[in-house]
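Each remark here refers to the structure printed beneath this line.
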Amino acid sequence: MSQLFSVVDIETTGGVSRTEKITEIAIYITDGYKIIDEFSSLVNPEKRVPPFITSLTGITNEMLEDAPKFYEIAQKIVEITRDTVFVAHNVSFDYGFVKQEFAQLGYNFRLNTLCTIQLSRKLFPGHRSYSLGNICNDLNINIENRHRAAGDAKATTILFNKLYNLDLNENEGININGFSVNGLNQELDLKKVKNLPEKCGVYYFYNEENDLIYIGKSKNIYSRVLTHLRNEKTKKGLNMRNEIADIDFELTGCELIALLKESHEIKNNKPKYNKAQRRTINNWGIFSTENESGYLCFYIKHLNESEDNCLNVFSSRNAAIDSLQFYCTKYELCQKLCGLYSSAGACFYYGLGECKGACCEEEPADEYNKRANRFIDEISINLQNSYIIFENCDNEQIGVVAIKQNKYMGYGFADKEIPLIPYNIDDIIKRYPDNKDVRQIIRTYLKTKNNYRIINC
């Protein structure tokens, strides 16, 4: 469960990262107990250092003339800090400058961060001041070469190690890691946890035997996984938390595809902690057709036994019957036309006055079909041949969910440069089985979200 930390300090030509530049950087790599690696260098800022900065740091323009420019040490900085947490005293300042320098090179420098000022205020309360000089003086930490990157970074490293050990011993590492390390599986790599993306997708938990034990989805994978690791209250949460030895993920770009992928993979893999969602779907459906007199009729069949318009699917024939009976009552539909009662003439319920007579053509077809169509709208995806398009996916592609004949067909991703025409779209769709759960997912998503558009074909 080892996690490494990059303790960083910089000196600059001024206080605004958008307009000023780094003149010196120092990095100490620590595991919370000891220094493992280090790097420091002056940096040629390619601009003049103001006199008041020189008076504070002692760094002169002459000292920087032959120093490497930032791009010349950028690769070293990336290598030494890879898979670490970025730590600094007032981390927003140091991290902001480093990110800006990399951004000017066209590189997205991204690490999780910790601030030793905030940690000190929380773990060492009651001090008059939490500036680096004052807090180090109070804790008897010597700073060599104050206001120089190497001296300040080394002192910050000593301070951080004190904070790390205090938090680990008294708070189970909650303030450093964002969750308690008590009871976590020793095989779990915290570096992998800290480097999870803050993007939409599906994540996977494995035990020590590499068995898949849980599948989840989130719009922010990193945040959701932290929620699991913090969950020590429920029996399920505690047991699963103790078993998590490895984590993997797959980005989906948008929430609907994440929901569909999660549902399919849970049913396919049946992880032990996804009990509620892993049942097998037998794919019985409610279908609609129109009889010779123009009345909408409904019947129940297995999906493989009918080519009519399937409105919704169920885990069993009995589940489909129960649903159809409920909606038959709700929308005052004829039981005979719903396939729930068989007779040569009018249905039994017409004689009781509970059917309006569609079965014997007493009720006009257009009036009856209004109620039947409301039933269809409620239980079906209500898309005949359509593509649900997500153009703002965070994986820089276009997400597509395909519906054919009111049935879910699958999803895929297209490059933004490819024209979205049916011929091109069909080539990128990966087929997945239709079932009650995915239909409910799609139906609910379309009713509650608006971040998509629909192409009819």
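Looking at the structure I just gave you, is S17 crowded, with 19+ Cβ neighbours inside 10 Å, polar (S, T, N, Q) and in a loop (DSSP other than H, G, I, E, B)? The answer is yes for S17.
Kindly provide the set of residues from the range 119-130 that are touching a helix residue (DSSP H, G or I) at 6+ places or on another chain (Cβ under 8 Å) and surrounded by fewer than 19 Cβ atoms within 10 Å (Cβ to Cβ), ordered by number.
Within the range 119-130, the subset touching a helix residue (DSSP H, G or I) at 6+ places or on another chain (Cβ under 8 Å) is 119-120, 122-124, 127-130.
Passing the criteria: K122, L123, F124, H127, R128, S129, Y130.
E363 fulfils the conditions (1) surrounded by 15 or more Cβ atoms within 10 Å (Cβ to Cβ); (2) more than 28 Å from the chain's Cα centre (by Cα); (3) modelled with pLDDT under 85 except for a single criterion, (3). The residues in the range 31-47 that are of a type in the set (K, R) and touching a residue at least 40 places away in the same chain (Cβ under 8 Å) can be counted, and the count is 1.
Between R453, R374, R431, which is under 18 Å from K261 (Cβ atoms) and of a type in the set (D, E, K, R)? The match here is R431. Of all residues in the range 392-411, at least one satisfies being out of contact with any Gly (no Cβ under 6 Å at 6 or more places or on another chain), at pLDDT below 90, farther than 24 Å from R317 by Cβ and surrounded by fewer than 14 Cβ atoms within 10 Å (Cβ to Cβ). Here L166 fulfils each of the conditions (1) modelled with pLDDT of 95 or more; (2) out of contact with any Ser or Thr (no Cβ under 7 Å at 6 or more places or on another chain); (3) part of a helix (DSSP H, G or I); (4) crowded, with 19+ Cβ neighbours inside 10 Å apart from (4).
In the set (1) in contact (Cβ under 8 Å) with a residue 60 or more places away in the chain; (2) among the hydroxyl-bearing types (S, T, Y); (3) over 20 Å from G285 (Cβ atoms), the condition left unmet by S315 is number (3).
Restricting attention to the range 301-346, and to residues there that are among the small types (G, A, S) and more than 14 Å from K436 (Cα to Cα), which single residue is nearest to the chain's Cα centre (by Cα)? The selected residue is S306.
For the range 149-171, residues that are over 18 Å from D94 (Cα atoms), out of contact with any Leu (no Cβ under 9 Å at 6 or more places or on another chain) and charged (D, E, K, R) total 0. Being buried (at least 19 other Cβ atoms within 10 Å of the Cβ), over 15 Å from T156 (Cβ atoms), among the aliphatic types (A, V, I, L, M) and at pLDDT 95 or above is the requirement here; does I59 meet it? Answer is yes for this residue. The residue that is surrounded by the most Cβ atoms within 10 Å (Cβ to Cβ), among those in the range 175-201 that are farther than 14 Å from L111 by Cα and within 20 Å of the chain's Cα centre (by Cα), is G201. Restricting the range 269-294 to residues that are at pLDDT 90 or above and among the basic types (K, R), which is farthest from C338 (Cα to Cα)? If we take residues in the range 269-294 being at pLDDT 90 or above and among the basic types (K, R), then K272 is farthest from C338 (Cα to Cα).
Taking each residue of the range 440-454 that is within 16 Å of Y387 (Cα to Cα) and looking for partners that are surrounded by 17 or more Cβ atoms within 10 Å (Cβ to Cβ) and charged (D, E, K, R) with beta-carbon atoms closer than 8 Å, six or more apart or interchain, yields Y445/E255; K449/E255.
Given the criteria modelled with pLDDT under 90, over 19 Å from R443 (Cα atoms) and buried (at least 16 other Cβ atoms within 10 Å of the Cβ), does A358 qualify? Steps first, answer last, please.
Details: modelled with pLDDT under 90: no; over 19 Å from R443 (Cα atoms): yes; buried (at least 16 other Cβ atoms within 10 Å of the Cβ): yes.
Judged against the criteria, A358 is not a match.
Annotation for the range 224-242: no member residue is buried (at least 18 other Cβ atoms within 10 Å of the Cβ), in contact with a strand residue (DSSP E or B) (Cβ under 8 Å, 6 or more places away or on another chain) and in a strand (DSSP E or B).
Criterion first (within 21 Å of D167 (Cβ to Cβ), exposed (fewer than 14 other Cβ atoms within 10 Å of the Cβ) and not assigned by TED's automatic domain parsing to the domain that holds P197) does S92 satisfy it?
Values: within 21 Å of D167 (Cβ to Cβ): yes; exposed (fewer than 14 other Cβ atoms within 10 Å of the Cβ): yes; not assigned by TED's automatic domain parsing to the domain that holds P197: yes.
Criteria met by S92.
The condition of being over 25 Å from F160 (Cα atoms) and of a type in the set (D, E) holds for E46.
The values are calculated or read from the model by the stated rules, or taken from the named source; none is laboratory data. The model shown is predicted, which means the values in this text are computed figures rather than measured ones. Because the Cβ atoms are built from the backbone with ideal geometry, glycine has one as well, and the counts that use them run over all protein chains shown.
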